[in-house]
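One structure, pasted below without further comment.
What follows is calculated from the coordinates using simple rules that are stated; it is not laboratory data. Source: prediction; values computed, not measured. So basically every Cβ, Gly included, is an ideal-geometry build from the backbone, and we count neighbours across all protein chains shown.
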């Protein structure tokens, strides 16, 4: 009799545990289908979904947003992801100084190349920047500064289509917003973002921010290292 009771209790416990697990699984499935973050993520392409020919040979300076004198002796490339906290910190700590000491003085021409690697919304933020740059190169740098200023949590999907459309509409004046919206929603410059990413990888980029000076990849992203590399190139010319 006691054995029967013990068996019944064990069976009841197993059924209870299985029932709880099934309920948890159902809740998880429903959450994954209805979560705003998950829903937003599903709308975003990843690199395998971006189709088309691209080329990884050559740094393609002519295709990138640029700032400074076109005849500057030194060409500097920043590889960055708009979701990258280290990129935001670098911008906050060093960007104004870099402009003041090297860009505004005509010593360098600065270029930006997307290395959008953190998540799918990194690709979206990059493609929005491309759409702006194709209209107005100067306005890209306004987007660059302001988007880093309003950067969200790296672990969250925040650079959604809705966020970026509202952000550009509210923060970036002086562009044809309707054209921007059309090209952005049509993913017109996604392949450019993928080409940037693949090209950067080809040249050894594996994180952000990273810098090149006249085609040479620097070993670190410190301002001191960058300034030293620039000065060496200026002296060698």
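Taking the simple approach of a point 7 Å from Cα along Cα-to-Cβ for both residue 228 and residue 173, what is their distance in nm?
In this crude label model, residue 228 to residue 173 measures out at 4.3 nm.
Moving to a separate point now. With an 8 Å cut-off on Cα pairs and a minimum separation of 6 or more residues, tell me the relative contact order of the range 47-236 in percent.
Working: 273 pairs, mean separation 63.3, N = 190.
Averaging sequence separation for qualifying contacts and normalising by length gives 33 percent for the range 47-236.
How do 113, 20 rank when sorted from fewest to most other Cβ atoms within 10 Å of their own Cβ?
Ascending number of Cβ neighbours within 10 Å: 20, 113.
Determine the gain in length on full extension of the stretch residue 186-residue 46; use 0.36 nm per residue of separation and subtract their C-alpha separation, reporting nm with one decimal.
Contour length minus Cα-Cα distance gives 48.9 nm.
In addition: Evaluated at 20 °C with a viscosity of 1.002 mPa s, what Stokes-Einstein diffusion coefficient in µm²/s does the range 93-185 have when Rh comes from the Kirkwood expression over alpha-carbon pairs?
151 µm²/s
Evaluate E = 1/(1 + (r/R0)^6) for residue 154 and residue 198, where r is the Cβ-Cβ distance and R0 equals 25 Å; express this FRET efficiency to the nearest 0.05.
0.65
Which order do the peptides 125-132, 62-69, 152-159 take when ranked by the mean count of other beta-carbon atoms within 10 Å per residue, highest first?
125-132, 62-69, 152-159
Can you figure out the FRET efficiency of residue 56 with residue 138, using R₀ = 22 Å and their beta-carbon distance, to the nearest 0.05?
Computed FRET efficiency for residue 56 and residue 138: 0.20.
On the first, second and third principal axes, largest extent first, how far apart are the outermost C-alpha atoms of the range 32-166 in Å?
53, 35, 24
Using the C-alpha gyration tensor of the chain, what are the square roots of 5 times its eigenvalues, in whole angstrom, with the largest one first?
Details: eigenvalues 439, 91, 52 Å².
Equivalent-ellipsoid dimensions as semi-axes: 47, 21, 16 Å.
Report, please, the projected area of the range 127-230 averaged over directions, based on the convex hull of its C-alpha atoms, in nm².
Result: 7.6 nm².
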